[in-house]
Amino acid sequence: MTTTKVNVVQQHAEPNSCAFFKPHWLCWKILGITLHIDNSHRHRDIYMLYSIILNILVTICYPLHLALQLFRSDSMADNIKNLAVCVTCVACSTKFIIYSTKLSTIWQFEQILERLDARITDDVETNYFRRMRNRLRNVGIVFLSVYLPVGITAELSFMFREERSLLYPAWFPFNWIESTGWFYVANVYQIVGIFFLLLQNYADDTFPPMALCMLSGHIKILSIRVASIGYDQNSLHQNEEELNRCVEDQLNLYELYTTIENIISWPMFIQFCVTATNICVAMAALLFYVSAPLDILYYFVYFLAMPLQIFPACYYGSDFQCLFDQLHLAIFASNWTTQMLKYKKHMLLFTERSLKQNVALAGGMVRIHLDTFFTTCQGAYSLFAIIMRMK
């Protein structure tokens, strides 16, 4: 009975696109970067001190302590593992710093979403928003399916080593090999540090596909809204007013698109580069440098996980572009032939604006598109082939 009531409440709840980004704000709050956005902090001085200490120890020092050990281990397998983790952590910290400078823009992004949500009143539009909510949940599931297996296999590989070792090969300013106390200090630092870096990575990696999925959903909802004009009992004047509101919705969508591109452009460019590098490193490790079963399992899972990190963003990058390209078809699906001349003039304005190509670019150079996903995978293989020739 209780479950039924909850489902009924969810079905009649007002659309709230911003709710899907609450986990991101929670992550950013835990990571200490929301002080200049959130004025509700009671203990601002304590939070600022926490933020400074955390980001020095994790955002700066964690990638640094990995980088200082690059190619300094006796084992080539450890060097490869150190390289893969170091590249990932440097990229993660860089993306996190970029997002920390974009929080005010993300707040503007949510304001646009609220304006678009306020226009969802029809049952058909509400039902589509509900389906979009399920797709956004699936995006989260994809990233959990990426993080959990990689984390579990990394822990297993670490736990079943016979000799004393760290979670990841790294440099420390003390001798953790001969001192049990320093050994535990080093491992606690690595485990706690990687937890905070995973929080950074979750917010960094899930925001682009979820934002692009939200953009795609609202474009589709506008298409549904425009196509239904003229088929109800409204007057010609009311139809004209509704089309004017749809033109405003269209402008809001273009503003949403440019805002999203502004936020995710450089983080996605960094992610494309890191994905190509790490796919190549994982292939090299699997074929040449690891022989232990748990290490093989770790790199195999890692190899499969890397492309999945960029696939959702590339998919929805292609999806929103297709929906924008088809937006002009929706206006001709409306009952436009019986409308007033002024309606038809606004209709032409809507159509002309919808013919503009809209492509999200990573770093101002690379399309966030399925084509780029396949190009990244091909680039990883090409890089691997170059390494093979040099070898």
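The values are calculated or read from the model by the stated rules, or taken from the named source; none is laboratory data. On a predicted model such as this, the values are computed, not experimentally measured, just so you know. Note that we place each Cβ from the backbone using ideal geometry, even for glycine, and neighbour counts take in every protein chain shown.
Things to note:
- Tally, over region 298-348, of residues that are of a type in the set (A, V, I, L, M, F, W, C) and over 30 Å from residue 231 (Cβ atoms): 11
A quick yes/no check of all residues on (1) at pLDDT 95 or above; (2) buried (at least 22 other Cβ atoms within 10 Å of the Cβ); (3) among the hydrophobic types (A, V, I, L, M, F, W, C):
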residue: 262; (1), (2), (3): yes, no, no
residue: 278; (1), (2), (3): no, yes, no
residue: 285; (1), (2), (3): no, yes, yes
residue: 303; (1), (2), (3): no, no, yes
residue: 308; (1), (2), (3): no, no, yes
residue: 357; (1), (2), (3): no, no, no
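- Against the list (1) more than 27 Å from residue 349 (Cβ to Cβ); (2) surrounded by fewer than 16 Cβ atoms within 10 Å (Cβ to Cβ), the condition residue 326 fails is (1).
- Options 306, 347: the member that is of a type in the set (A, V, I, L, M, F, W, C) and in contact with a Phe, Trp or Tyr (Cβ under 8 Å, 6 or more places away or on another chain): 347
- Restricting 147, 128, 62 to residues that are closer than 30 Å to residue 211 by Cβ, in contact with a Lys or Arg (Cβ under 9 Å, 6 or more places away or on another chain) and part of a helix (DSSP H, G or I) narrows the list to 128.
- Residues (buried (at least 18 other Cβ atoms within 10 Å of the Cβ) and either hydroxyl-bearing (Ser, Thr, Tyr) or in a helix (DSSP H, G or I) (or both)) located in region 226-246: 226, 239, 240, 242, 243, 246
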